[in-house]
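Quick note: the coordinates plus some simple rules give every number you see, no bench work behind them. As the structure is a computational prediction, the values presented were derived from the model and not from experiment. Here the Cβ positions follow ideal geometry from the backbone for every residue, glycine too, while neighbour counts run over all protein chains shown.
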Amino acid sequence: MRKFLVILDDTRECLNAMRFAAMRAAHTGSKVQILSIISPEEFQGWAGIADLMRSEAQERIEAHFEVFAKWMRDRQGVDPELVIREGEPVDEILAQIEEDTEIGFLVLGAGDEGNSPGPLVSQLARNSGNLPIPITIVPGGLSRDRLETIAKG
């Protein structure tokens, strides 16, 4: 079964990407896989402290995921899957796509402030010609109603 891969991070644009992925999955009978990446820079220091910080980061990610997962289950009838990886974001996204052959689309949220869509969108767009799947970039400034119209169409 085809999956929509969407990135869970601390950005505002993540919200519209999550909504879009869930609505498209519900409309097409697909699944949603939510990927969250822990940056290795968060764990510089002694091993014991790094392990504690890693554990806290995972708990924070799981709590954040549950908010989105509840909305997806309750509103869209989609039960998302959480994957947590550790490393550089672009490398980990590409590795996840390579490892899970059911992923059919990468859904990213673009920032709605300034002239830049955000670092993740910019970095992945440079590699888009070599990706084995299409990227869907969801503008951060789309209203909920407009997003619903597009996702169901």
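Hey, what did region 1-74 get for relative contact order, percent, Cα under 8 Å, at least 6 apart?
Working: 62 pairs, mean separation 22.2, N = 74.
Dividing the mean separation by the residue count of region 1-74 yields 30 percent.
Please turn the phi angles of region 2-16 into ³J(HN,Hα) values with the Karplus equation 6.51 cos²θ - 1.76 cosθ + 1.60 (θ = phi - 60°), one per residue in order, whole Hz, x for glycine and proline.
In residue order, the calculated couplings are 6, 10, 9, 8, 10, 9, 9, 9, 8, 8, 5, 5, 4, 4, 5 Hz.
Compute the label zone of residue 60 within region 85-115: residues whose backbone N is under 16 Å from the point 7 Å along Cα-to-Cβ.
Only 85-87, 89 fall inside the zone, counting backbone N under 16 Å.
For the chain, what's the relative contact order in percent, using C-alpha pairs closer than 8 Å and at least 6 residues apart?
Reported as a whole number, the value is 33 percent.
R0 = 30 Å: FRET efficiency of residue 149 with residue 39, Cβ-based, nearest 0.05?
Between residue 149 and residue 39 the formula returns 0.25.
For region 89-151, state which GluC sites (Glu not before Pro) are in a DSSP loop and have at most 12 other beta carbons lying within 10 Å of their beta carbon. Intermediate results must be reported in sequence, preceding the final value.
Numbers: sites: 92, 98, 99, 102, 113, 148; in loops: 102, 113.
Listed in order of number, the matching sites are 102, 113.
On the Cα set of region 22-153, report Rg and Dmax in Å, please.
Reported Rg and Dmax, both Å: 16.2, 51.
Is region 106-150 rounded, prolate or oblate when judged by the Cα gyration tensor, a ≥ b ≥ c being the square roots of its eigenvalues, rounded requiring a/c under 1.5 and prolate requiring a/b larger than b/c? Working shown, then result.
Numbers: a/c = 3.97, a/b = 1.41, b/c = 2.81.
Verdict is oblate for region 106-150.
At 222 nm, what helix-only mean residue ellipticity would the chain give, in deg cm²/dmol to the nearest 500, using -39500 (n - 2.57) for each DSSP H run of four or more?
Values: 5 runs with 68 residues, N = 153.
Result for the chain, helices only: -14000 deg cm²/dmol.
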